[in-house]
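The structure appears below as structure tokens.
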Amino acid sequence: MNKPVYSSVFKVEFQDLVETKKALGFAYDVEAATFLRIDTFFNNNNLVEKVVPKELCNKWCQKRSYEAENNRSHRISAMRVFCKYLNDIGISAYVPPKGLTRKTTKYDAHIYTEDELKRFFSVVDKSQSVPSECPYRGVVMPVFFRILYTSGMRVSELRLAKIKDISLDKGYITIRNAKNHKDRAVPIYPDLVIRCINLKESIHLYSSEDEYFFMIRPGQAMPLVNVYRNFRR
């Protein structure tokens, strides 16, 4: 996993907290990535003073329309950890209380029928690109969702995969720092290898090996919210 680069007014504090946790033996890569989202949130809200006011913290904790309760709970927990750390080092920060999220109910997986899958992929195949925002959506989404369906990969494992992680000649995707911090290979269904080759030739003629394979635009991975919104259309 690439090392996050923080840029907000709290960039030093984010980095210090991550390094402290890692020095204590924690992997802390997932948390470091969530801190990067908070860092971006601070920048987007023009935070220039080293203080986290209650109003800003509450804004971060608000539920998003596309968001599962577990994901929201994870976001709030990360903010709580960081704000407690700030208080410990003498910086004023509002700590979000516990109990903001409701207890999640047992999730019952929906098993799609053959007809539902046909209709779903028929709609996905009609995805249209938006030049100013998502110039590659029309060609990326049909391949992305088919690999997601056939591989069993997590959404973020696939959306963050880079060109160097996808071996098209051997037909597999390498997931970096997976369970137990080990890399693992996930086979690609043969028909989808051909689709991946066509996709690469379509949008990656001049891309480096470090480019995101399913990019929304050069240098930018497909955001999680884009996946959810396209899935729920």
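Nothing in this text is a laboratory measurement; each read-out follows from the coordinates by a stated rule. Bear in mind the structure is a predicted one, so any value in this text is a computation, not a measurement. Note that each Cβ is placed from the backbone with ideal geometry, even for glycine, and that neighbours are counted across all protein chains shown.
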| Net lengthening on full extension, Tyr206/Arg229 (0.36 nm per residue, minus Cα-Cα) | 5.4 nm
| Can you tell which of Leu148, Phe213, Trp60 lies farthest toward the positive end of the dipole of the chain, using +1 and -1 charges on the Cβ of basic and acidic side chains (Lys, Arg; Asp, Glu)? | Trp60
| said: Could you work out how much longer the chain between Arg154 and Lys59 gets when fully extended? Use 0.36 nm per residue separation minus the Cα distance between them, nm to one decimal. | reply: 31.5 nm
| remark: Summing -39500 (n - 2.57) over every DSSP H run of at least 4 in the chain, dividing by its residue total and rounding to the nearest 500, the 222 nm mean residue ellipticity is -14500 deg cm²/dmol
| query | For segment 1-87, rounded, prolate or oblate, judged on the Cα gyration tensor with a ≥ b ≥ c (square roots of eigenvalues), a/c < 1.5 rounded, else prolate if a/b > b/c? | reply | oblate
| remark: GNM on the chain, Cα springs under 10 Å; top mean-square fluctuation among Phe121, Phe214, Phe35 goes to Phe121
| query | Label point 7 Å out from His74 along Cα-to-Cβ: which residues of segment 215-233 have amide N under 19 Å? | reply | 221-232
| Where nothing but the Cβ of Lys and Arg (+1) and of Asp and Glu (-1) is charged, how large is the charge dipole of the chain around its Cα centre, in debye to the nearest 20? | 660
| request: Please give, to one decimal in nm, the separation of the simple spin-label points placed at Lys3 and Leu100, each 7 Å out from Cα toward the Cβ. | output: 3.0
